[in-house]
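Everything on this sheet refers to the single structure shown next.
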Amino acid sequence: MGNAAVLNNTSSTSTTQNILCYDPEDVSSNGYKVRNPLKFPAPLMVFQLAVISLTSLIIDAGLKPLGQPSLVAQVLGGIIFGPSLLGHLELVRETMFPTRGVMALETAATFGVLFNLFAIGVECDSKRMFRPGKKAVIIGVTVMFTSLGSTMALAMLIKHFVVLDPLLAKALPIVAASQCVIGFPNVCSLLKEMQLLNTDQGRLATSSAMFCDIIGLTLASVGFIKLQLEKEHTVAQKMGSILSPLILVIFTVFSIRPAIKKTLRLRPEGKPVGENYFVCVLVLVLLYILTAETIGQHYLFGSLVLGMAIPEGPPLGAALIRKLHYPIGKVLYPVFLTTSGLKTDIFTIHFKSLWVIALLVLFGVLVKIAIMMIITRYTGLTFQDSVILGLMLNARGICDVVFFNIWRVSLALSDEHFAVAIMLSVVLVMVIITPLIRFLFRALEQQAPTMRRTIQHSKPDSELRILVCVHDLQSVPTMVNLLEASNATEQSPICVIALVLIELVGRAAPLLITHNHSQGAIPQDASISLQIINALRQYELAFESCVTLQPFTDITHYELMPEDISRLALDQNATIVILPFHKHWEIDGSIGTVSRAIQTINTKVLRKAPCSVGILVDRGILKGSMATLSNQGNIYHVAVVYIGGPDDAESLAYGARMARHKNVSITIIRFLMFGYDNARERKLDNSLIEAVRYENSTNENFVYEEHVTRDGVGLSASLRGLEDRFDLIVVGRHHEHSPLLVGLGAWSECPELGVVGDFLASTDIGFTASILVVQQQRVRGKLMGRTMKPVVNNQNGQYPEMNNAINNGISTPRVSVSSDHPRWEITIDRTN
């Protein structure tokens with residue numbers, strides 16, 4: 001058989017043992033023309049890794065539409081090639097996955113799981129593990145120990161009242177104990193795939209799981225110490241077995257972790273972590289694994305302890321996660337799950353073992369959900385949230401697979417009961433709970449209350465609540481200019497909800513930090529948020545009687561940021577969300593940086609936000625000064641482009657508020673199509689615009705212009721004429737299929753800006769003005785319905801003629817403003 005001979009030895013107990021004889025100098029072949037490569041360890045293992053990875057990807061792609069996690073696909077990939085299905089074929093059994101290749105594949109899988117658990121330890125937030133919060137502790141302790149006691153009691157009852165074979169009776173307590181496991185890797189992996197890590201239920205589930213991991217790791221260590229004590233004979237040896245794990249943990253906490261932190265502080269500020277750091281950490285991992293095995297603990301104990309000692313996040317933790325993600329997370333770790341499937345033989349399962357273990361697993365799942373429902377009154381959760389949280393805490397994954405593999409190797413679980421445990425307790429549970437969690441979350445979204453949160457429909461003199469999202473310091477000056485132009489007064493104050501968005505790297509669970517004036521320590525990777533918040537506080541201090549600031553920092557994955565933004569906007573009752581554009585301009589007018597991830601965030605927020613949304617295209621740097629409006633002391637020139645539709649009505653309402661600021665010059669530019677008239681839409685638009693004109697009839701900084709054009713070409717020419725006239729141009733995103741826009745959207749690069757917004761933001765135009773593209777509130781992607789509510793409020797009845805005009809639908813002015821007013825300009829496109 002090439003370089004390996006297989007000898008079968010059958011003992012008196014009928015257990016088949018395979019003795020492999022390898023030629024250590026003959027590891028790889030010299031090509032398929034000379035010898036079959038699959039007869040040699042190196043090419044065979046490479047082939048197996050490729051087949052396993054490809055099969056898992058194919059199964060995962062097929063199960064994704066059904067909402068199933070990757071874990072199910074990876075275990076099923078092994079079951080397919082195992083004795084349960086294709087393993088009975090000689091081609092698969094002898095050529096693809098022969099006995100002689102088991103050792104190399106198991107070794108690769110072992111390295112995959114130990115480095116994956118090391119990475120999980122690096123991502124864990126040690127502070128959250130030991131200080132998870134009262135609610136998380138109550139949930140974790142109650143669910144873990146109650147489910148342990150309940151399932152163990154049921155196992156004892158079954159053993160007492162049901163006749164079981166000795167192997168099944170031995171396996172029942174192990175399966176019962178496994179049902180109490182609440183592993184942080186399990187919960188975090190599932191919620192990350194489902195993009196639910198940043199939900200309230202997800203944050204609580206991960207915090208509870210982190211705390212339970214401390215308890216579980218302690219109990220596992222005690223179990224291994226007990227096993228080691230059975231092998232020791234002298235008192236000194238027994239004391240060594242008891243104290244050695246504790247000494248290793250203390251040495252790691254008080255020596256290794258401080259040494260790593262001190263080394264990182266000596267690194268030049270801003271310089272990335274070098275390769276030497278990475279190599280040293282990998283060597284340290286191997287030493288810890290060897291130490292754990294030497295003192296009688298499982299090798300995974302060493303990798304987890306060292307992983308939790310590595311400072312999470314940048315610079316070292318993030319660098320390690322990036323380097324380990326693909327070779328370990330995407331190749332070797334799935335091999336461990338697949339090899340567990342390879343060991344699963346469903347044909348060894350007897351009916352009694354199946355129904356007994358199935359009853360135990362089902363009972364364990366229901367107990368966790370029931371406990372969450374019972375303690376609802378102590379946790380403040382709703383009934384539906386409790387059910388969702390109970391399902392999340394039932395997540396299965398690497399912790400359960402490692403658990404069953406350890407007991408299989410120690411012969412506490414037979415091959416039959418290992419197969420039942422993997423199929424029922426891991427695969428089947430995940431297949432059931434994953435779609436249930438999705439269904440319940442969709443039901444929660446459908447129940448979410450819908451109310452108008454727009455500038456146009458806000459009550460007179462109500463507080464304007466603006467949620468501003470910031471990624472970097474560069475966009476702060478223009479953002480502050482916009483906030484100041486929004487005209488905060490004591491009668492109509494502004495609440496700025498500042499959300500600093502930072503990509504999550506090197507951490508497992510996202511963080512939403514609420515800042516206050518007595519801000520304590522924050523993660524190192526969030527240090528930039530303090531600079532941004534301090535800059536926004538200067539705006540708050542300048543207008544402290546009418547401006548309040550509520551700062552937050554969100555450290556999460558880019559794909560989860562839209563959900564966080566929408567949820568914070570809902571919780572804080574925001575009127576409008578201001579998002580930064582995904583392109584940054586250089587001082588010479590060229591595009592500097594482009595972030596497609598930010599573009600995706602903006603697109604999703606436009607679809608999901610519970611209020612109006614504005615995208616700010618920041619060109620402040622092109623003005624040659626990044627000073628804010630209060631520091632400039634000059635007039636801030638703002639244009640509102642009005643074509644028609646709810647989004648333009650919202651931008652008009654925002655412009656009307658800005659017009660009340662003494663240092664803001666507002667110009668309303670309305671575009672009409674020559675020869676086209678929709679009486680109903682024209683009536684609505686006239687009413688909205690006239691309300692603004694009436695309010696500003698005595699405002700010297702207010703200008704109203706009408707441009708009559710024949711087609712999109714005339715519109716684009718008129719828009720180009722706005723160059724260098726304004727500091728900010730406000731425009732609606734959507735214009736309800738206006739015939740003026742025909743042909744303009746054919747070359748649109750950024751659909752999230754709409755046709756006009758994309759045209760104004762184009763580098764071909766050469767504008768230096770910043771652009772604010774406004775979308776009025778949508779509900780599940782649809783408008784709530786357009787009304788004739790004016791965009792300004794007739795306070796104290798100082799304009800009775802305005803109410804008459806609006807209520808009667810009259811489209812001609814009835815106050816001192818008239819067609820020959822010096823601030824009213826009409827331009828007609830006379831080209832053919």
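The values are calculated or read from the model by the stated rules, or taken from the named source; none is laboratory data. Note that the structure is predicted; figures quoted are calculated from it, not measured. Cβ coordinates were reconstructed from backbone atoms using ideal geometry, including for glycine residues, and neighbour counts include every protein chain displayed. The area values use the complete protein model at the heavy-atom level, side chains included, leaving out ligands, DNA and RNA. Shrake-Rupley method; radii C 1.70, N 1.55, O 1.52, S 1.80 Å.
Numbers below:
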read-out: Close pairs (7 angstrom Cβ cut-off, 6 or more residues apart or separate chains): in contact (Cβ under 8 Å) with a residue 40 or more places away in the chain in the stretch 525-550, part of a strand (DSSP E or B) and open to solvent by 10 Å² or more (accessible area, probe 1.4 Å) anywhere; value: 525/502; 536/549; 540/548; 540/549
read-out: Test for residue 170: is it open to solvent by 10 Å² or more (accessible area, probe 1.4 Å), of a type outside the set (Asp, Glu), in contact with a helix residue (DSSP H, G or I) (Cβ under 6 Å, 6 or more places away or on another chain) and assigned by the TED database to the domain that holds residue 190; value: no
read-out: Residue selected from the stretch 148-158 under the condition open to solvent by 40 Å² or more (accessible area, probe 1.4 Å) and in contact (Cβ under 8 Å) with a residue 24 or more places away in the chain, by the criterion nearest to residue 399 (Cα to Cα); value: 148
read-out: Residue pairs meeting the criteria (Cβ under 8 Å; at least 6 apart or on separate chains; first within 30 Å of residue 657 (Cα to Cα), in the stretch 438-461; second charged (D, E, K, R) and modelled with pLDDT of 80 or more); value: 454/650; 455/650; 455/657; 456/650
read-out: Any pair with Cβ under 9 angstrom, 6 or more apart, that starts in the stretch 104-129 at a residue that is within 22 Å of residue 48 (Cβ to Cβ) and ends at one that is outside any helix (DSSP H, G or I); value: 105/97
read-out: Some residue of the stretch 548-563 being at pLDDT 85 or above, more than 24 Å from residue 128 (Cα to Cα) and aromatic (Phe, Trp, Tyr); value: no
read-out: Test: residue in the stretch 171-191 that is within 23 Å of residue 135 (Cβ to Cβ) and aromatic (Phe, Trp, Tyr); value: yes
read-out: Helices (runs of 4 or more DSSP H) wholly inside the stretch 290-408 that include at least 1 residues being surrounded by 18 or more Cβ atoms within 10 Å (Cβ to Cβ), touching a helix residue (DSSP H, G or I) at 6+ places or on another chain (Cβ under 7 Å) and of a type in the set (Gly, Ala, Ser); value: 299-309, 316-324, 333-342, 351-374, 383-392
read-out: Qualifying positions in the stretch 77-99 - at pLDDT 85 or above and acidic (Asp, Glu); value: none
read-out: Matching residues in the stretch 409-424 - criterion: being part of a loop (DSSP other than H, G, I, E, B) and surrounded by fewer than 16 Cβ atoms within 10 Å (Cβ to Cβ); value: 410, 411
read-out: Criterion (within 18 Å of residue 614 (Cβ to Cβ), modelled with pLDDT under 90 and either out of contact with any Gly (no Cβ under 8 Å at 6 or more places or on another chain) or not charged (D, E, K, R) (or both)) met by exactly one of 505, 470, 496, 476; value: 476
read-out: Candidates 771, 765, 729 - the one that is closer than 28 Å to residue 475 by Cα and in contact with a Gly (Cβ under 8 Å, 6 or more places away or on another chain); value: 771
read-out: Of all residues making up the stretch 583-615, the number that are in contact with a His (Cβ under 6 Å, 6 or more places away or on another chain) and closer than 12 Å to residue 565 by Cβ; value: 1
read-out: Subset of the stretch 459-510 [open to solvent by 30 Å² or more (accessible area, probe 1.4 Å), among the hydroxyl-bearing types (Ser, Thr, Tyr) and touching a Lys or Arg at 6+ places or on another chain (Cβ under 9 Å)]; value: 489
read-out: Subset of the stretch 264-296 [under 30 Å from the mean Cα position of the chain (by Cα), farther than 16 Å from residue 320 by Cβ and at pLDDT below 80]; value: 269, 270, 271
read-out: Qualifying residue in the stretch 249-263 (condition: in the same structural domain as residue 214 (by the TED database), touching a residue at least 24 places away in the same chain (Cβ under 8 Å), under 19 Å from residue 223 (Cα atoms) and assigned to a helix (DSSP H, G or I)); value: yes
read-out: Where a residue in the stretch 327-354 is without any contact (Cβ under 8 Å) to a residue 12 or more places away in the chain and its partner, wherever it lies, is part of a helix (DSSP H, G or I) and of a type in the set (Phe, Trp, Tyr), with Cβ under 9 Å and at least six apart; value: 327/115
read-out: Selected residue [closer than 19 Å to residue 304 by Cα and open to solvent by 30 Å² or more (accessible area, probe 1.4 Å)] from 145, 130, 161; value: 130
read-out: Residue among 179, 201, 228, 195 that is touching a residue at least 40 places away in the same chain (Cβ under 8 Å), outside the structural domain of residue 505 (by the TED database) and on the phi > 0 side of the Ramachandran plot; value: 195
read-out: Tabulated pairs, the stretch 69-83, first in the same structural domain as residue 331 (by the TED database), second open to solvent by 10 Å² or more (accessible area, probe 1.4 Å) and not in a helix (DSSP H, G or I), C-beta under 7 angstrom, 6+ apart or interchain; value: 79/85; 81/97; 82/343; 82/345; 83/345
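Yes/no per residue for (1) surrounded by 15 or more Cβ atoms within 10 Å (Cβ to Cβ); (2) part of a helix (DSSP H, G or I); (3) under 23 Å from the mean Cα position of the chain (by Cα):
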{"residue": "174", "(1), (2), (3)": "yes, yes, no"}
{"residue": "186", "(1), (2), (3)": "yes, yes, yes"}
{"residue": "193", "(1), (2), (3)": "yes, yes, yes"}
{"residue": "202", "(1), (2), (3)": "yes, yes, yes"}
{"residue": "208", "(1), (2), (3)": "yes, yes, yes"}
{"residue": "222", "(1), (2), (3)": "no, yes, no"}
{"residue": "225", "(1), (2), (3)": "yes, yes, no"}
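Yes/no matrix, rows are residues, columns are (1) open to solvent by 10 Å² or more (accessible area, probe 1.4 Å); (2) under 43 Å from the mean Cα position of the chain (by Cα):
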{"position": "691", "(1), (2)": "no, no"}
{"position": "698", "(1), (2)": "yes, no"}
{"position": "701", "(1), (2)": "yes, no"}
{"position": "706", "(1), (2)": "yes, no"}
{"position": "723", "(1), (2)": "yes, yes"}
{"position": "728", "(1), (2)": "no, yes"}
{"position": "742", "(1), (2)": "yes, yes"}
